[in-house]
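**Student:** Below is a structure I'd like to ask you about.
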Amino acid sequence: MCLAIPALIEELTTPGNAIVNLGGVRKEISLALISDAAVGDYVIVHVGYALQKLDPEEAQRTLEMFAEMGQIDELRSELGVQ
Amino acid sequence: MSTVKPNYARALDIKHGRVDMSHGSGGRAMAQLITELFASAFNNEYLAQGNDGALLPQAAGRLVMATDSHVVSPLFFAGGDIGCLSVHGTINDVAVMGAKPLYLSASFILEEGYPLADLKRIVESMAKASREAGVPIVTGDTKVVEQGKGDGVFITTTGVGVVRDGINLSGDLAQPGDKILLSGTIGDHGMAILSQREGLTFSAPIVSDTAALHGLVAAMLDSGVKLRVLRDPTRGGLATTLNEIAKQSGVGMMLQESAIAVNQPVEAACEFLGLDPLYVANEGKLIAICASEDAQRLLAVMRAHPLAGAASIIGEVLEDSHGFVQMTTKLGGRRVVDWLAGEQLPRIC
Amino acid sequence: MKYVDEFRNGELAKNISANITREANPKRTFRLMEFCGGHTHAISRYGLADLLPPNVRMIHGPGCPVCVLPIGRVDQAIRLAREQGVILCTYADTVRVPASNNLSLMRAKASGADVRMIYSTQDALKIARDNPDREVVFLAIGFETTTPPTAVAVKQAAAEGLKNFSILCDHVLTPAAMHAILAVEGGVAIDGFVGPAHVSTVIGSKPYEPFADDYNKPVVIAGFEPLDVMQAILMLVRQINDGRAAVENEFIRAVTREGNVKAQELVAEVFELRETFEWRGLGSVPNSALKLRPPYAAFDAELKFAVDYVAVQDNKACECAAILRGQKRPQECKIFGTVCTPENPIGSCMVSSEGACAAHYSYGRFRESA
């Protein structure tokens, strides 16, 4: 039920709808819950509706966060401690 | 001179005609349907005998028999249809017993009103699949049910084959230490069907993997590898089939998620619909369990065959009285790959 | 798949796992509750418990709207379908939930009731348009993620003048669920919360601030991929180590402090609070659920049809209430795995695949036997 997927808006169709694409799979969904959606935007889709736009810069920041060294390591290396 | 031709019978109107109750009643209409549609397509010496049953030559070994009913909806899908599916499915069930499939029977339950043109497409697809596999359809049956009591067409096929001496494959023969091999990508057939029903479209379409695997099986048997189990993971997918074998053999299993291949559009379609590819049906893949020392050789034999180019070793059999099928996920953690908890997918086989 | 694959990367998982193991204060345990079906699923499906040190424990809270739906509400839907001949539209998740008299929506369908599984509320509207002579009722369940799509459908039905469409409103609120967990005599042994992913895209991070302030428990909102969950766990561990209790956001790519205001306004226009609502496993909770506002009363199936809600007690042996609060683990329930299984679910935690007991049964029970 919590199933939601990030998908790319490929085409705007009848007012309020769009065709989205995830990994080559396309479906028509409703944009009634968001504003200013454009072709090329990524959106989070849940039960046939786009819930929110996905921010590519924040996504990139998040991935960088995942790759960070732990705090203790940084501290240790700063102090030259093993 | 009379202008009335002797024995004149109007040919079946394939283009516009529909199945009606007379086609199942055993009279002339049914005989005509059988002659003009079925027999002409399936065309072989046994069918030509024209009797209630086919008289077959003596078998040169132990017999294997398998049967399968096909109620797939929609009847036509990317990569196949109920016709070729019913031929491949039963050939595969016979083949994974270690037998060479020899003959098929085909029973049809037709719904009143079903277009003859579509029925002809199905029958021709079956004939083609049968010809290409070299396994003739030697006998059959036709029934018609009232409109609303069927789903267009239901087909049941039964297959008979022969097992060479020395071959002994069974689901209860897996032993701790054995390796588990998979012949290719999973989820293609089920997702081809489901996506069509759910209105998903594709840039690279998902195509059913329906195929006859007896040639691949023959190559695997010829290799001399110590094979324990062969099975095709159809309804319920890879997960269900492995759980069945684990239970039969009283063992556990450990799989590697990274070794199990899933085509990109299948993975994406599963994401869209909230499904796990491990539980999605396949119709052109098989699982093989063999002695550990033979695994690499078996893998090479499989990869050399066009239907198993993407074969991989996906795991091994463990000692485990609970019979758990476990998996190391792509992230390194472990999970159990359990039996399907009663989820009903739409009819896909 | 973009924004999916990168967030499931095995190497990054190892890195975050190493960070958590190194940083988690070895002198204490960290009991962290998540209450989002997507998180339960991610933890189970990827075996994340193996990537955490033994002193960091995940507890599954009431994040599954199917699990917290009382049996009586499913009975209501079944009665409508069977006795009033409506077309009952529902998300697929509810069809197997066992209700009274050995029935479920799926069994009701098998005995002739017109029950239809749909993917989107738009499908329900279409069914109503295509069947003007039949009454169409949509079983509206879900937390704040799923409520806006219902609001859209009701507004559309009103605009189109669809007379044969109505909803059974069972929408519930996340902060109320958290409150019900925390407002227990003597406090609860939960050190921090992993905030739900998609609910938060709609409601924003603001509604969680009272929990950090009043109960002194840190909340980190996490995205729905396994790496998101792991990073959020790391962020919680850091807060707990430092004795902090703040609301932090890991899901920055989709969650803001304000959330989706357009969706919130749509919901506020169509729905209002129910004074009280019964939650399965948690009892009656005030201001925790929604009903349609008077201008939309014509679309309220509870007013339109004679189907009252009748409360049904859960089995006495069921420990869901304690499990939902993190006070007991699934394996500590006497009937877990014996009488109560996914095929024969006795309580709410086993009913949906995202429930704590179902998730443990399907993915984790081998750990106990090992």
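**Student:** If you take the residues in the range B:34-49 that are of a type in the set (F, W, Y) and in a helix (DSSP H, G or I), which one is farthest from B:K120 (Cα to Cα)?
**Tutor:** So, considering only residues that are of a type in the set (F, W, Y) and in a helix (DSSP H, G or I), the one farthest from B:K120 (Cα to Cα) is B:F42.
**Student:** Name the pairs: first residue in the range B:32-52 and under 18 Å from B:L12 (Cα atoms) and assigned by TED's automatic domain parsing to the domain that holds B:T142, second residue aliphatic (A, V, I, L, M) and exposed (fewer than 13 other Cβ atoms within 10 Å of the Cβ), Cβ to Cβ under 8 Å, at least 6 apart or on different chains?
**Tutor:** B:Q32/B:A9; B:E36/B:A11; B:A39/B:A48
**Student:** Identify, from the list C:V68, C:V56, C:V97, C:V4, the residue that is away from chain B (no Cβ under 14 Å) and either among the aliphatic types (A, V, I, L, M) or out of contact with any Gly (no Cβ under 7 Å at 6 or more places or on another chain) (or both).
**Tutor:** C:V68
**Student:** Counting residues that are within 14 Å of chain A (Cβ to nearest Cβ), which helices (runs of 4 or more DSSP H) fully inside the range B:195-306 reach at least 1?
**Tutor:** On the way: elements: B:214-222, B:237-249, B:264-273, B:295-303.
So the answer is B:264-273.
**Student:** Follow-up question, since we're still on this one. Keeping to the range C:272-287, report how many residues are assigned to a strand (DSSP E or B) and surrounded by fewer than 22 Cβ atoms within 10 Å (Cβ to Cβ).
**Tutor:** Within the range C:272-287, residues that are assigned to a strand (DSSP E or B) and surrounded by fewer than 22 Cβ atoms within 10 Å (Cβ to Cβ) number 8.
**Student:** I want to confirm something. Restricting to the range B:123-173 and keeping residues that are of a type in the set (D, E) and either without any contact (Cβ under 8 Å) to a residue 40 or more places away in the chain or more than 30 Å from B:G250 (Cβ to Cβ) (or both), which single residue is surrounded by the fewest Cβ atoms within 10 Å (Cβ to Cβ)?
**Tutor:** B:E146
**Student:** Filter the helices (runs of 4 or more DSSP H) completely within the range C:288-369 down to those with at least 1 residues that are farther than 15 Å from C:P70 by Cα and either among the polar types (S, T, N, Q) or out of contact with any Ser or Thr (no Cβ under 7 Å at 6 or more places or on another chain) (or both).
**Tutor:** Numbers: elements: C:301-304, C:320-324, C:348-351, C:356-359, C:365-369.
Passing ranges, in order: C:301-304, C:320-324, C:356-359, C:365-369.
**Student:** Is it true that C:E258 is modelled with pLDDT of 95 or more, more than 15 Å from C:T150 (Cβ to Cβ) and of a type outside the set (A, V, I, L, M, F, W, C)? Outline the logic, then answer.
**Tutor:** Values: modelled with pLDDT of 95 or more: yes; more than 15 Å from C:T150 (Cβ to Cβ): yes; of a type outside the set (A, V, I, L, M, F, W, C): yes.
Yes, satisfied.
**Student:** Is it the case that the range B:252-266 has a residue that's surrounded by 20 or more Cβ atoms within 10 Å (Cβ to Cβ) and under 30 Å from C:R116 (Cα atoms)?
**Tutor:** Scanning the range B:252-266, I find at least one residue that is surrounded by 20 or more Cβ atoms within 10 Å (Cβ to Cβ) and under 30 Å from C:R116 (Cα atoms), so the answer is yes.
**Student:** Return the residue satisfying two criteria in turn: it lies in the range B:48-66 and is surrounded by 13 or more Cβ atoms within 10 Å (Cβ to Cβ) and closer than 13 Å to B:G140 by Cβ, and of such residues it is modelled with the highest pLDDT.
**Tutor:** Residue satisfying both the conditions and the ranking: B:A54.
**Student:** Also, I was wondering about something else. Would a scan of the range B:315-324 turn up a residue that is more than 9 Å from every other protein chain (Cβ to nearest Cβ), β-branched (V, I, T) and touching a helix residue (DSSP H, G or I) at 6+ places or on another chain (Cβ under 7 Å)?
**Tutor:** No.
**Student:** Here's something else I'd like to know. Taking the condition more than 14 Å from chain A (Cβ to nearest Cβ) and either without any contact (Cβ under 8 Å) to a residue 40 or more places away in the chain or outside any strand (DSSP E or B) (or both), does C:V184 pass?
**Tutor:** yes
The values are calculated or read from the model by the stated rules, or taken from the named source; none is laboratory data. For clarity, every value in this text was computed on a predicted model and none was experimentally measured. Cβ atoms come from the backbone with ideal geometry, glycine included; neighbour counts cover every protein chain shown.
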